[in-house]
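These notes are about the structure you will find just below.
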Amino acid sequence: MMTGMSAPGPFADLGSMSAQRIWEGVTGRVVEGERVTLAVIELDPDTVVPEHRHDNEQAGVLVSGLLEFRIGDETRRVEPGGTWCIPADVPHEVRTGPEGAVVVEVFAPARADWSGLERLEGRPPRWPPAG
């Protein structure tokens, strides 16, 4: 059973979830399970997520935009459809291009450290596109 910080039941729409400020220029809509966190992350144009590491494994896919991603000692340009998998405790950082980016990521174990993040109400998601 999902226990949602942003989604109170087993189903939700991204548009009904409040965004959470993860870093400056980085917001996420989060679905929490007991053992996993799923996040749709929006990164503003020309944003830098500084080097950091955490106890969680992290896997993701780039939905839109471009990223320059460094994981450990390897740096790669990631385009839409590109994926990554970061083992626990490996340092990583990311930079966006002039269009910003949207990524979908999963973390295991769940990101308990995100429970106290600032909520940003009334901010519609950039993805999926309204239609």
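The values are calculated or read from the model by the stated rules, or taken from the named source; none is laboratory data. Just so it is clear, the structure is predicted and the values come from calculations on it, not from any experiment. Using ideal geometry, Cβ is built from the backbone for each residue, glycine included, and neighbour counts are taken over all protein chains shown. Just so you know, the surface numbers come from the protein's heavy atoms only, side chains and all, with ligands and any DNA or RNA stripped out. Shrake-Rupley method; radii C 1.70, N 1.55, O 1.52, S 1.80 Å.
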Original post:
Hey, does region 55-66 have a residue that's in contact (Cβ under 8 Å) with a residue 40 or more places away in the chain and surrounded by fewer than 13 Cβ atoms within 10 Å (Cβ to Cβ)?
Top reply: yes
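Restricting to region 69-105, and then to whatever is β-branched (Val, Ile, Thr) and under 14 Å from the mean Cα position of the chain (by Cα), can you tell me which residue is farthest from Thr37 (Cα to Cα)? Break it down stepwise before answering.
Within region 69-105, the first condition is being β-branched (Val, Ile, Thr), and the residues that meet it are 71, 75, 78, 83, 86, 90, 94, 96, 102-104.
With under 14 Å from the mean Cα position of the chain (by Cα) added as a condition, the list becomes 83, 86, 94, 96, 102-104.
Values: Thr83: 17, Ile86: 15, Val94: 20, Thr96: 22, Val102: 16, Val103: 14, Val104: 11 Å.
Here the answer is Thr96.
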Subject >> Filtered residues of region 67-113 (kept if part of a strand (DSSP E or B), open to solvent by less than 60 Å² (accessible area, probe 1.4 Å) and free of Cβ contacts under 8 Å to residues at least 24 places away in the same chain) >> reply: Ile71, Val78
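Just one of Ala59, Ala88 is under 23 Å from Ala110 (Cβ atoms) and in contact with a Cys (Cβ under 7 Å, 6 or more places away or on another chain); which is it?
Details: Ala88 fails: in contact with a Cys (Cβ under 7 Å, 6 or more places away or on another chain).
Of Ala59, Ala88, the one residue that is under 23 Å from Ala110 (Cβ atoms) and in contact with a Cys (Cβ under 7 Å, 6 or more places away or on another chain) is Ala59.
Counting only residues that are assigned to a loop (DSSP other than H, G, I, E, B) and not acidic (Asp, Glu), how many does region 24-66 have? Give the steps one after another, and end with the answer.
Keep residues of region 24-66 that are assigned to a loop (DSSP other than H, G, I, E, B), which gives 24-25, 33-36, 44-47, 53-56.
Then keep just the ones that are not acidic (Asp, Glu); that gives 25, 33, 35-36, 45, 47, 53-54, 56.
Within region 24-66, residues that are assigned to a loop (DSSP other than H, G, I, E, B) and not acidic (Asp, Glu) number 9.
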Original post:
For Ala130, which of the numbered conditions (1) part of a strand (DSSP E or B); (2) closer than 18 Å to Ala12 by Cβ; (3) free of Cβ contacts under 8 Å to residues at least 40 places away in the same chain; (4) not aromatic (Phe, Trp, Tyr) fails to hold?
Top reply: (1)
